[in-house]
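Below: the structure, in structure tokens.
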Amino acid sequence: MSTQATRDIKGGRLDPSDYAENFSDIHPPLSRHEALVEADRCYFCYDAPCMTACPTSIDVPLFIRQISADNPKGSAKTIFEQNILGGMCARVCPTETLCEQACVREAAEGKPVKIGQLQRYATDHLMREFKEHPFQRAASTGKRVAVVGAGPAGLSCAHRLAMHGHDVTVFEAREKAGGLSEYGIAAYKSVDDFAQKELQFILDIGGITIENNKKLGAEITVSGLAADYDAVFLGIGLGNVNALGLEGEEADGCVDAVDYIARLRQATDLSTMPIGRHVVVIGGGMTAIDVATQAKLLGAEEVTIAYRRGKDGMNASDYEQELAQTHGVTIRHWLQPKALVLADNGSIAGIELEYTSQANGTLAGTGETTTLVADQVFKAIGQQFDGHPLAGSGIDLDRGRIRTNDERKTSLANVWAGGDCVRSGEDLTVVSVEDGKVAAESIHATLTA
Ligand code: SF4
């Protein structure tokens, strides 16, 4: 299908001052007074369900009690003991489906204790005020560990290993360390270069060296690292977004949402980010929400998320869906992509969508279609693990990702793995941090046995 060109993609849709305002901190930090008042709402439950719901098992009632006692530094230490990326997790965790959903105040009155914001209050305080790192390194073990990937899993693993006295080299494919914290989250969730500040905080323990621009399968290999180091941890994440499988997908205006979010996060001038007047996002997860909301904040006139199932089928939480909607994004359910509409010049002009329905758990197109005008179509339909860098390594996979046991040990004797490249839980920052921590403890036990 082809039509007259309607393409309208450009930067600078807003007044310069609007960019700073639109991309400011979505949850401004609590003041000391606000934190004390909020901490007072906690019942300090025995067998606290919020703690069980946290993938890193942070002692939530303890850290809130320490805030109540006006001891934010002690509170932060309680958090960091379990989750060294507690500052980033306080910003990006879907608390509404984790600790805050489990909070007894949510069940009783629909208003949970603001655990995420209290966590941010404590961790920000310590990171702002600390003179020396809250954790010290143990005496050197003389063991060397290679960590591949400087994202949440890799950094969590590296920090815990360094704390136990091992020397760690982190190999990172990109120019900057941080992984998804640096490249993969909505800009308004982490402002003021927080990902790099957190990275420096982690490195300040000592014993960790980062080597950037070292890609697995290119400059480094699993077998090479396994031969050179006492242990290897792989935290290599996922590949790019899945393809729509439609003709014309390479057309100008059909955009990989993960790649766009990364570019937006690295942009020093947001007015340079090209955005369409009419934008359609295909997908139902956090990437879809993040790219749609940011498209609106960049000045797109009309942004529509099209998702093939109903509201409850979306991976994005109710809170995130509402966040997008309050920013003016329209979410349309039960629609799947059928064909890209191309203008005569070959660029995207719209997308044809087919209505869907579900019977006995099976989703099917109904045959009815609708067409949305679009200058840009963002693909946000999930990512897949790219196993090519592991070729020839002998590492076993499980349903397309690296197979590990409970200690995050792979099928190779001295290689562990964690984060999104393994199948240990939801693809969340906090789950990756836990993977890295669990793997580090297993590596430490193995190297010191
Ligand atoms: S469940 Fe809620 S009230 Fe109970 S300890 Fe956790 S945060 Fe406090």
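For residue 58, state whether it is away from the ligand (no atom under 14 Å from the Cβ), within 26 Å of the chain's Cα centre (by Cα), in a loop (DSSP other than H, G, I, E, B) and β-branched (Val, Ile, Thr). Spell out the reasoning first.
Numbers: away from the ligand (no atom under 14 Å from the Cβ): no; within 26 Å of the chain's Cα centre (by Cα): yes; in a loop (DSSP other than H, G, I, E, B): yes; β-branched (Val, Ile, Thr): yes.
Against the criterion (away from the ligand (no atom under 14 Å from the Cβ), within 26 Å of the chain's Cα centre (by Cα), in a loop (DSSP other than H, G, I, E, B) and β-branched (Val, Ile, Thr)), residue 58 does not qualify.
Please specify each residue of the stretch 61-76 satisfying the condition of being over 16 Å from residue 45 (Cβ atoms) and β-branched (Val, Ile, Thr).
Taking the stretch 61-76 first, the residues over 16 Å from residue 45 (Cβ atoms) are 69-76.
None - no residue of the stretch 61-76 is over 16 Å from residue 45 (Cβ atoms) and β-branched (Val, Ile, Thr), so the list stays empty.
Looking at this structure, is residue 277 without any contact (Cβ under 8 Å) to a residue 60 or more places away in the chain and of a type in the set (Lys, Arg)? Please lay out each step first, then the result.
Numbers: without any contact (Cβ under 8 Å) to a residue 60 or more places away in the chain: no; of a type in the set (Lys, Arg): yes.
No, not satisfied.
Condition first: farther than 16 Å from residue 414 by Cα and either without any contact (Cβ under 8 Å) to a residue 12 or more places away in the chain or in a helix (DSSP H, G or I) (or both). Now tell me which residues in the stretch 386-396 satisfy that.
Listed by number, the residues that qualify are 388, 389.
Would you point out the residue of the stretch 400-442, among those that are among the polar types (S, T, N, Q) and in a helix (DSSP H, G or I), that is farthest from residue 315 (Cα to Cα)?
Kept after step one, since they are among the polar types (S, T, N, Q), are these residues of the stretch 400-442: 404-405, 410-411, 414, 424, 429, 432, 442.
Applying the additional criterion that residues be in a helix (DSSP H, G or I) yields 429, 432, 442.
Details: 429: 15, 432: 18, 442: 31 Å.
Step by step, filter the stretch 400-442, then rank; the result is 442.
Tell me, please, whether a residue that is in the same structural domain as residue 249 (by TED's automatic domain parsing), of a type outside the set (D, E, K, R) and assigned to a loop (DSSP other than H, G, I, E, B) can be found in the stretch 367-378.
The answer is yes, given that some residue of the stretch 367-378 is in the same structural domain as residue 249 (by TED's automatic domain parsing), of a type outside the set (D, E, K, R) and assigned to a loop (DSSP other than H, G, I, E, B).
Is there a residue in the stretch 39-50 that is more than 16 Å from the ligand (Cβ to nearest atom) and part of a loop (DSSP other than H, G, I, E, B)? Lay out the reasoning, then the answer.
Quick first cut of the stretch 39-50, residues more than 16 Å from the ligand (Cβ to nearest atom) only: none.
Scanning the stretch 39-50 turns up no residue that is more than 16 Å from the ligand (Cβ to nearest atom) and part of a loop (DSSP other than H, G, I, E, B).
Are there any pairs with C-beta distances below 7 angstrom linking a residue in the stretch 363-375 that is in contact (Cβ under 8 Å) with a residue 40 or more places away in the chain and over 20 Å from residue 301 (Cα atoms) to a residue that is among the basic types (Lys, Arg) and not in a strand (DSSP E or B), with the two at least 6 apart or on different chains, and if so which?
Going by the 7 Å Cβ cut-off, the qualifying pairs are 363/308; 363/309.
Write out, first by first residue and then by second, each pair whose Cβ atoms fall under 7 Å of each other, whose residues are 6+ apart or on separate chains, and whose first residue, in the stretch 421-449, is within 20 Å of residue 241 (Cβ to Cβ) and outside the structural domain of residue 98 (by TED's automatic domain parsing) while the second is surrounded by fewer than 22 Cβ atoms within 10 Å (Cβ to Cβ) and among the acidic types (Asp, Glu).
Final answer for the pair search is 423/398.
What's the total number of residues in the stretch 77-118 that are more than 10 Å from the ligand (Cβ to nearest atom), closer than 13 Å to residue 42 by Cα and buried (at least 24 other Cβ atoms within 10 Å of the Cβ)?
Number satisfying all stated conditions: 0.
Give the residue that is surrounded by the most Cβ atoms within 10 Å (Cβ to Cβ), with candidates limited to residues of the stretch 29-76 that are among the hydroxyl-bearing types (Ser, Thr, Tyr) and more than 26 Å from residue 437 (Cα to Cα). So that I can check it myself, show each step before the final result.
Initially, the stretch 29-76 is screened for residues among the hydroxyl-bearing types (Ser, Thr, Tyr), giving 31, 43, 46, 52, 56-57, 68, 75.
Narrowing the set further to residues that are more than 26 Å from residue 437 (Cα to Cα) leaves 31, 43, 68.
Values: 31: 10, 43: 13, 68: 18.
Among residues in the stretch 29-76 that are among the hydroxyl-bearing types (Ser, Thr, Tyr) and more than 26 Å from residue 437 (Cα to Cα), the one surrounded by the most Cβ atoms within 10 Å (Cβ to Cβ) is 68.
Among the residues of the stretch 108-146, how many are under 13 Å from residue 77 (Cα atoms), in a helix (DSSP H, G or I) and of a type in the set (S, T, N, Q)?
Residues meeting the conditions: 2.
Of all residues in the stretch 306-328 being touching a residue at least 40 places away in the same chain (Cβ under 8 Å), touching a strand residue (DSSP E or B) at 6+ places or on another chain (Cβ under 9 Å) and surrounded by 21 or more Cβ atoms within 10 Å (Cβ to Cβ), which is nearest to residue 366 (Cα to Cα)?
308
If you check 123, 97, 141, which single one turns out to be among the polar types (S, T, N, Q), at pLDDT below 95 and in contact with a Ser or Thr (Cβ under 9 Å, 6 or more places away or on another chain)?
Details: 123 fails: at pLDDT below 95; 141 fails: at pLDDT below 95.
When all the criteria are applied, what remains is 97.
The values are calculated or read from the model by the stated rules, or taken from the named source; none is laboratory data. All values derive from a computational prediction rather than experimental measurement. All Cβ positions, even for glycine, are placed from backbone atoms using ideal geometry, and neighbour counts span all protein chains on display.
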